[in-house]
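Engineer: Below you will find the structure I want to go over with you.
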Amino acid sequence: MKREKSEALFEKAKKYFPGGVNSPVRAFRSVGGTPLFIQKGKGAHIWDADGNEFIDYCGSWGPLILGHANDKVVNAIKTTVENGSSFGAPTALENELAELILDNNKYIQKIRFVSSGTEAVMSAIRLARGFTKRNKILKFEGCYHGHSDSLLVKAGSGLVTFGNTSSAGVPESFVNETIVVALDNEAAVKQAFADFKDQIACVIIEPIPANNGLLLQRKEFLQFLRLICTENKTLLLFDEVISGFRVRFDGAAGYYGIQPDIITYGKIIGGGLPVGMYGASVEIMSHISPEGNVYQAGTLSGNPVAMAAGIAQLTECLKPDFYKKLEEHTQFLIKEIFKNANTPNSNLKIYSVGSIFWIAFTDKEHIRSAEEIDADSMKYFRILHKELLERGIYLGPSGYEVGFVCEAHTKEDLIATAKAFAEALEIAMR
Ligand SMILES: *Cc1c(COP(=O)(O)O)cnc(C)c1O
């Protein structure tokens, strides 16, 4: 496979950007080699600068549930941008996307659009603190909630990929307000509530943790969190930036049937353009400025072009059996992989929910917390990733990241992937 153009572009990029990239995991450091510079995408396929074609399971890390350059999304963007790209004044498109979301999600009543997942979570935390008049937050080890200061403590995603789970540049006084406990550990949560009685503003969790492997939680654990938060007048915050509109239209809240107090969204909501959102009850949201005294603003918030892309994408998601089909395709892919794989003792596991899957090498039936992941097993992923690339299959370049099946993956794509997977796996296990 030719890599010359990507290599030249990367050399140049290294002069401009730290590590040659504008977001760390893109750098391929954990899998080795040069990141591919992508030229175009259509459906489930992408092409790099050297003209190599790949079946893509990264999907821009989740947003592209319809695949690349979906005609309806592209047309919505084009017709909207022709009338201007931003006004700093309200547009009808914001109402339209809000209506589409709120009519189909009973877990939130009022929302605020922002421009990224990070911003959504950062704002939601401020809201929780403003609402409860408490400072501390409780998060879980391995859950990633974007890169705002108080949340970069024992987070997943790029941090775990590079072996440091917290970030420099975060003042200790901030870290002191963040309590971190292991997932799936009720005793630790109870202890934290006892130690910091009446001080915890919110418990924040990815209800489907998917940034540090796929750490599927027991429903009982999430129900326990709901209960202990209610008992302590602490808000329960579901960070659904990755699970929202992905496992179902109404996300993990709908999947588990649990009512959180605040929910954050991002990724899919913008149809591939930068959009985030947080939502809650009318009462809680009334604390946001200009109604309330929790300040939060954005020059490009509710950007019309991004709203139009979101409306186009979410309209497709609402069609009958959309999620059922995605899940069936994902299960088909996993079955095909195991059917083709001729590698005994590989300890290969593929955990999945809806159209999210995670490839792991372990003998555990379930992995529910970050510390259960065997860091040493990443050596297999590294080879697997490289060999899959050689065979035209693109996975996110980290064994801690999940993959996504999108609507545009055809049966042929999935079958081809399973075949390539079997070959790559055999090499990884040598
Ligand atoms: C991706 C993600 C974020 C951050 O969103 P950005 O748009 O990258 O800022 C926050 N929380 C979760 C659960 C995510 O998956």
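Engineer: Kindly work out what percent of the DSSP beta bridges joining two residues of the chain are antiparallel, to the nearest 5.
Structural biologist: Details: 25 of 43 bridges.
Around 60 percent antiparallel, to the nearest 5.
Engineer: If you filter segment 60-123 for trypsin sites (Lys or Arg not before Pro), then keep DSSP loop positions with at most 11 other Cβ within 10 Å, what is left? Walk me through the numbers on the way to the answer.
Structural biologist: Working: sites: K72, K78, K106, K110, R112; in loops: K106.
Answer in residue order: K106.
Engineer: I would also like to ask the following. Distance between the C-alpha centers of segment 388-430 and segment 364-380? Whole Å please.
Structural biologist: 20 Å
Engineer: Among DSSP beta bridges lying fully in segment 71-317, give the percent that are antiparallel, nearest 5. Could the numbers behind the result be given before it?
Structural biologist: Details: 9 of 25 bridges.
DSSP beta bridges in segment 71-317 are roughly 35 percent antiparallel.
Engineer: Moving on to the next point. Just to confirm my numbers, what's the Cα centroid distance between segment 98-129 and segment 7-40 in Å?
Structural biologist: 32 Å
Engineer: For the chain, set up a Gaussian network in which alpha carbons nearer than 10 Å are linked by springs, and say which option among V402, V353, V73 fluctuates the most.
Structural biologist: Comparing V402, V353, V73 in the GNM, the peak value goes to V353.
Engineer: In a shell of Cβ-Cβ distance under 10 Å around N342, excluding N342 itself, what net charge do Lys and Arg (+1) and Asp and Glu (-1) give?
Structural biologist: Numbers: positive: K339; negative: E423, E426.
Around N342, the charge tally is -1.
Engineer: Which one, M122, A89, V153, projects farthest toward the positive side of the charge dipole computed for segment 1-154 from Cβ point charges (K/R +1, D/E -1)?
Structural biologist: It is V153, whose Cα lies furthest towards the positive end.
Engineer: Quick one: of K2/K411; K219/K319; K42/K110; K40/K72, which pairs are farther than 24 Å apart, Cα to Cα? Mind dumping the intermediate values first?
Structural biologist: On the way: K2/K411 27 Å; K219/K319 27 Å; K42/K110 35 Å; K40/K72 17 Å.
Correct reply: K2/K411; K219/K319; K42/K110.
Engineer: In deg cm²/dmol, rounded to 500, what helix-only [θ] at 222 nm does the chain give when every DSSP H run of at least 4 residues adds -39500 (n - 2.57) and the total is split over its residues? Please report the intermediate quantities before stating the final value.
Structural biologist: Numbers: 14 runs with 157 residues, N = 430.
Taken over the chain, the calculation gives -11000 deg cm²/dmol.
Engineer: Only counting other Cβ atoms within 10 Å, I'd like T234, T80, T264, T34 sorted with the fewest neighbours first. Display every interim value, and only then the final one.
Structural biologist: Working: T234 25, T80 21, T264 30, T34 16.
Placing the least packed residue first, the sequence is T34, T80, T234, T264.
Engineer: Something else now. Could you line up S23, S115 from fewest to most neighbouring Cβ atoms inside 10 Å? Walk me through the numbers before you get to the answer.
Structural biologist: Details: S23 12, S115 21.
The fewest-first ordering by Cβ neighbours comes to S23, S115.
Engineer: Only four residue types carry charge here, +1 at the Cβ of Lys and Arg and -1 at the Cβ of Asp and Glu. Report the dipole size of the chain about the Cα centre in Debye, rounded to the nearest 20.
Structural biologist: For this selection, approximately 320 debye.
Engineer: Are there chymotrypsin sites (Phe, Trp or Tyr not before Pro) in segment 278-348 that DSSP marks as loop and that have at most 13 other Cβ atoms within 10 Å, and which are they? Working shown, then result.
Structural biologist: Numbers: sites: Y278, Y295, F322, Y323, F332, F338; in loops: Y295.
Of the chymotrypsin sites (Phe, Trp or Tyr not before Pro), the ones in loops of segment 278-348 whose Cβ has at most 13 other Cβ atoms within 10 Å are Y295.
Engineer: Under 10 Å, Cα contacts only: if you run a Gaussian network model on the chain, which one of A128, A194, A76 comes out with the highest mean-square fluctuation?
Structural biologist: Fluctuation is largest for A194.
Engineer: Can you list residues whose amide H is under 5 Å from Q296's amide H, if they're 5+ apart or on another chain and H is modeled 1.01 Å from N?
Structural biologist: Under 5 Å from the amide H of Q296 lie the amide H atoms of S289, each far enough along the sequence or on another chain.
Engineer: Can you sort W358, W61 so the residue with the fewest Cβ neighbours within 10 Å comes first?
Structural biologist: Working: W358 21, W61 18.
Starting with the residue having the fewest Cβ neighbours, the order is W61, W358.
Engineer: Not counting the cut sites, what is the longest span of the chain without GluC sites (Glu not before Pro) that DSSP labels loop and that have at most 15 other Cβ atoms within 10 Å? Walk me through the numbers on the way to the answer.
Structural biologist: Working: sites that count: E82, E291, E365.
That would be 83-290.
Computed from the coordinates by the stated procedures, all read-outs in this text should not be read as laboratory data. Keep in mind that this is a model prediction, so the values were computed, not measured. So basically every Cβ, Gly included, is an ideal-geometry build from the backbone, and we count neighbours across all protein chains shown.
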